[in-house]
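Every number here is computed from the coordinates shown, using simple stated rules; none is lab data. Note that the structure is a prediction, hence the values are computed from the model and not measured. Heads up, the Cβs are rebuilt from the backbone with ideal geometry, glycines too, and the neighbour counts pull from every protein chain shown.
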Amino acid sequence: MTELSQLNIIQVRALSKKVNTLAGELPILSDISFNVKPGESVAIVGASGSGKSTLLGLLAGLDSTNEGEIYLDSEPLHTLDEEQRAALRAKSIGFVFQSFMLVQSLTAIENVMLPAELAGHKDAKQQAINLLTKVGLEYRLDHFPSQLSGGEQQRVAIARAFVGSPKILFADEPSANLDTKNGQLIESLLFELNQEKDTTLLLVTHDEHLAERCNRILHIDGGHLINDSNGSRAHAV
Amino acid sequence: MIVTGRVLMQYKVENNNNALWVKLAFRLFFRELKRGELTIISAAIALAVLTVFTLSSVTDRIGQSIDQKSNTFIAADRKLGSAHPLPNEYKEKSLEYSLNTADQLYFDTMLFANDDMQLSSVKAVSKEYPLRGKIIIKDTLSDQVPDYSVTTGPTPGNIWLSESVLYALGIEIGDSVELGAKNLIAEKVLVEEPDAPFNIFSASKRVLININDVAATKVIQPGSRVYYAMLFSGNEENIVSYYEWLKPKLSENQSWWGVKDRQSWLSGSVNRAEKFLLLAGLLGIMLAAVAIAVSAKRYCENQYDPVAMMKTLGGSRSSIRKIFMLHLSLVTFFAIIIGLIFGFALQLVAIDYLSENMDQALPKASIRPWFISIVTGATCALMFSLKPLLDLFDIPPLRVLRRNLGDSIAVSRIHLLVSAITIFALMLLFSGQWMTSTILFFSSAALVGILYGISRLLFKAGRGVGLSPGSSWSLAIASLQKRASANSVQLVSFALAIKLLLFLFVLKNDIINDWQSQLPVDAPNAFLVNVTEEQLDPIEFMLAKEGISTTGFYPTVRGRLNEINNELLARDYSEQDNEKKDEEAKAGIGRELNLTWLMDIPSQNEITQGQWFDKDVKGEASVEEGMAERLEIELGDIIGILIGSEKFNAKVTSFRKVNWSSLKPNFFVILSPDLLSHFPATYITALHVPKESKKSLNVLLKSYSTITMIDVDSFIKQVRSTVDQVSIAIGFVLIIVMFCGGLVLISQVQASLQERMQEVVILRTLGAKGRLIKLATLYEFFLLGLIAGLVAAIFSDIALLLVQQQLFELNGKLHPIIWLVGPAVGASFVSILGYFMIAKTLKKNTSDLLRVMS
């Protein structure tokens, strides 16, 4: 690993992904390469079906690559098996999803505690209370997801994403399922915590305003990285 | 890679804190329990445990009760009999097995009182008699005096006589009766003995004395025909162990039997009732297993999202495996406890109800119901969840981004195989019978296979049907086609449940109807034996005058089956007369038979092999099939018959199946008229004597001293009450199995509810009226239930035909009524169930539904 690579928290080299279909092999991503520095916020934008969610899945170790290399927090993600990738996620990664993905049978606080408990942290409860307080849900600790509004559910998801202080946060269309007011609230919370916890943020969105709030914008089209531009927060890095 | 190793090691150290995954599993369990997400699987397991527990404890206790009740027909659990005294060693050894014993002696002798005499059958009994059942007696002959039961026989010096003997001797209670060299006091009227013989040939007028008086009577002399018996009762296992010891010691002339061993009306009924209970229990287990299988798959599918999320959040495969294995164990444990509690309560209610209706306290249940229900619940939950759980652990974390990933995991062959093996193993465990389990299992498996194929074809064929879009029927048919695969599985489950229920319901009715048809109100309740040819006309005239009908008179001649194909058969021998056993001889009947000659086959007989006698028949014999099998007689064999000192041969030209359940005279060997008609014969008939005619008939028969009337009314009363009680028990077991069948249907409808809810939300959002959706659901379930009911009716009728003939020895027949009842019940039950479930969903407003779905 070069000195330069150690400066990047994410390094992607010549990444490709193909899937098998009835019609044969279908390329989803082709020859993608880019780096992300620690603390940087990066938006991946593109039309539906452009491959941005696939890229997010690969970067987060949820899926395996066909070709190319991914280094995540200095770990060669492309060489790790599923168990090792899960261990890396437990240690370094947080997630926020479009559909919140809360465990319906657990309360707000228990959902937030879940990643910390899976990682064996003993102070999971205190961390969860602090984060839920931070997102303004200190009075909703024992509510189940079905008892919360969409905006509240996403705030729980954000609190869950930051528990254990991950180095990287992946967000998949975090405000797409919310109304404008709640969407803006969630976005602000995300950037606020991103800055406060010094977390690297990688988010997939087709919302140009949201993308603009990031340091960088990666444009994906037809599985190719066609543009790597600066966002409005470029100066913040 | 050094860095990777560091990360993993650190992670593993942290993750090794076992308390956390245990805590998480418990938390998920209690939260899901509270939110009702475990209701279906818990209910399925709990109801399976409840069903199996109730069914096995009720059948266990009813089975024991039937055994005990039927054992009263031989006054013991087992009886050992011989024409020669039984060694004392047998009784001494039985003490080591904690068995109770009683002694009996049977012999025929003349009783004298004043100037009258009467040939009577004497039963001398020890003070322990009867070991099972009670003796019913009366204090005087008067009809006004009630009878009552006692548990011990007469004391020395006393004699209890049946009414007919008292009439024949012309004496009253308190008079003296001379029996050989001893005078005995007529103490009681003998109304009913538990082991009153139902052998119409050997019985005559019955009296009961104490065995200690026998020596003083001096009636038993060398050469006397005496029958010695020893009765045994006690724990069934001890009896079986004792018999293992006894068996090698038994000689040719000593026979050991229980009530089920003998060809009698009762043994047939008891065996049939027990077979039904066993069959019902097995079907109950199958239904419970199907319910668990359906809900276990559903349970695992519900966990796909949480597992994908946990994997995404860094949960290792082993942690997730531990969490969900513990989670499932908790669900199973909790459900089993609930099932046992409710099962125990239901069983108490059931036993209370049955005891009241059966007028008999049921014996205590063994440990078996507890064992078998726990094993059923745990095994079903584990084995049916195993493959879905393995699939669950394989759910890719990417599902959090691609929501339908993992949904396509189909029911695998391994899962089907594991489930099938599990069901078969449970059936075997429950029944302990390979044959019954195998027949039932494979016939059901074949049915499932055929049904699945038929249903796929049906749903495919339905694709051509076109209806106007937006109508309820159109939506219903579209739904059926869209979910062709899921609907095929549902159809199979519905059909299986309906088939099993129809099957048991019809079988229960057929069995009970068959019993009742054999015991109509005017069934014969008496036999006249020893009627000579000269007495035939006057007796027939007398009976006609009294308005008493008969089953016709059969001629009988007593003779011995002496040889088969010139090979000598062993016969009884008398040690007292220094006779030697025929060591070289083949095992035979060991006693004289009652032979008859007939030109027409009796109605309760059926030829199974060969031909019945034709018009010009000469020198032929027809043999009962059981006897033929026992003595290894083949068609065409020559049997040698010895009557007195005259010997003749007959060629066996047919085997007969005899309905021993009929209350009519039955014969092991029927000969062609040319062989027997020249021998002096006596005649026998069965007749129904109304209660009010009994006394007058006895008085009329007094002028025919050789004729004996054997009253079997008390026996019929006992049998009828047993049949009534067993019928109640069978009906109850059927209700439990029906309950279980209902559970299968509910769990199947529940399983498809989630998908249906999604459609409801879409349709509601698009503005569909509740009525349209409800009707579409109603029609869809109506069609499913209708098809399932029809197919179920066809298959259950075929199965009934086979089972009735093969297992229950009933006349197999088709039941066209169930061809209508099946579809009607299926369609109405399934559609009402589905309708109410969807109606409940529709009560929520669309936004609530959307939130629930999201």
Amide H neighbours of A:R213 at under 5 Å, excluding residues fewer than 5 places away on the same chain, with H built from the backbone geometry, are A:S232
Take every residue in peptide B:393-400, count the Cβ atoms of other chains within 10 Å of its Cβ, and give the average of those counts. 4
Counting only residues 5 or more apart in sequence or on a different chain, those whose built amide H sits under 5 Å from that of B:L568 are B:K586
Go through the stretch B:290-307 residue by residue and turn each phi into a ³J(HN,Hα) via Karplus (6.51, -1.76, 1.60, θ = phi - 60°); whole Hz please, and just put x for glycine and proline. 4, 4, 5, 4, 5, 6, 5, 5, 5, 4, 5, 4, 5, 8, 4, 5, x, 5
Rounded to the nearest 500, what is the 222 nm mean residue ellipticity of chain A from helices alone, with -39500 (n - 2.57) per DSSP H run of 4+ residues and division by all residues? -10000 deg cm²/dmol
Under the Karplus relation 6.51 cos²θ - 1.76 cosθ + 1.60, θ = phi - 60°, what is the ordered set of whole-Hz ³J(HN,Hα) values for the stretch B:92-99, x standing for Gly and Pro? 4, 5, 4, 5, 5, 9, 6, 9
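My understanding is that a pair violates if its Cα-Cα distance is over 28 Å; which of B:K93/B:K275; B:K93/B:K123; B:K499/B:K664; A:K134/A:K181 do that in this structure?
Checking Cα-Cα distances, B:K93/B:K275; B:K499/B:K664 exceed 28 Å.
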Test item: A:72-83 mean partner chain Cβ contacts at 10 Å: 3
Could you list B:Y835, B:Y129 so that the one with the fewest beta carbons within 10 Å of its beta carbon is first and the one with the most is last? B:Y835, B:Y129
Amide H contacts under 5 Å for B:L111, placed H, 5+ residues apart: B:Q118, B:L119, B:S120
Net charge over other residues, Cβ less than 14 angstrom from the Cβ of A:L189 (K, R count +1; D, E count -1): +2
Neighbour-count ranking [beta-carbon atoms within 10 angstrom, fewest first] of A:R85, B:R656: A:R85, B:R656
Testing the spin-label approximation: label points 7 Å from Cα along Cα→Cβ at B:I450 and B:W257. State their distance in nm. 4.0
What is the mean number of Cβ atoms from other protein chains located within 10 Å of the Cβ atom of each residue in peptide A:165-172, rounded to a whole number? 1
Name the residue from A:T205, A:A176, A:H143 whose Cα lies farthest towards the positive end of the charge dipole of the stretch A:109-237, charges +1 on Cβ of Lys and Arg and -1 on Cβ of Asp and Glu. A:H143
Which of A:P76, A:P145, A:P38 ends up with the largest GNM mean-square fluctuation for chain A, with Cα atoms connected below 10 Å? A:P76
Considering the options B:Q221, B:T152, B:T140, tell which one lies farthest towards the positive end of the dipole of the stretch B:132-258, charges being +1 on Lys and Arg and -1 on Asp and Glu at the Cβ, about the Cα centre. B:Q221
I'd like the orientation of helix A:82-92 relative to chain A: the angle between its Cα long axis and the longest Cα principal axis, in ° from 0 to 90, rounded to 10. 60
Only sites in a loop by DSSP and with at most 11 other Cβ atoms within 10 Å count here; which chymotrypsin sites (Phe, Trp or Tyr not before Pro) in the stretch A:105-211 make the cut? A:Y139
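Using the number of other C-beta atoms within 10 angstrom as an exposure proxy, rank B:W257, B:W597 with the fewest first.
Working: B:W257 13, B:W597 22.
The fewest-first ordering by Cβ neighbours comes to B:W257, B:W597.
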Apply the Karplus parameterisation 6.51 cos²θ - 1.76 cosθ + 1.60, with θ equal to phi minus 60°, to every residue of the stretch A:21-28 and state each ³J(HN,Hα) to the nearest whole Hz, in sequence, with x for glycine and proline. 10, 4, 8, x, 6, 10, x, 9
Compute the relative contact order of chain A as a whole-number percentage, counting only Cα pairs closer than 8 Å that sit 6 or more residues apart in sequence. 26
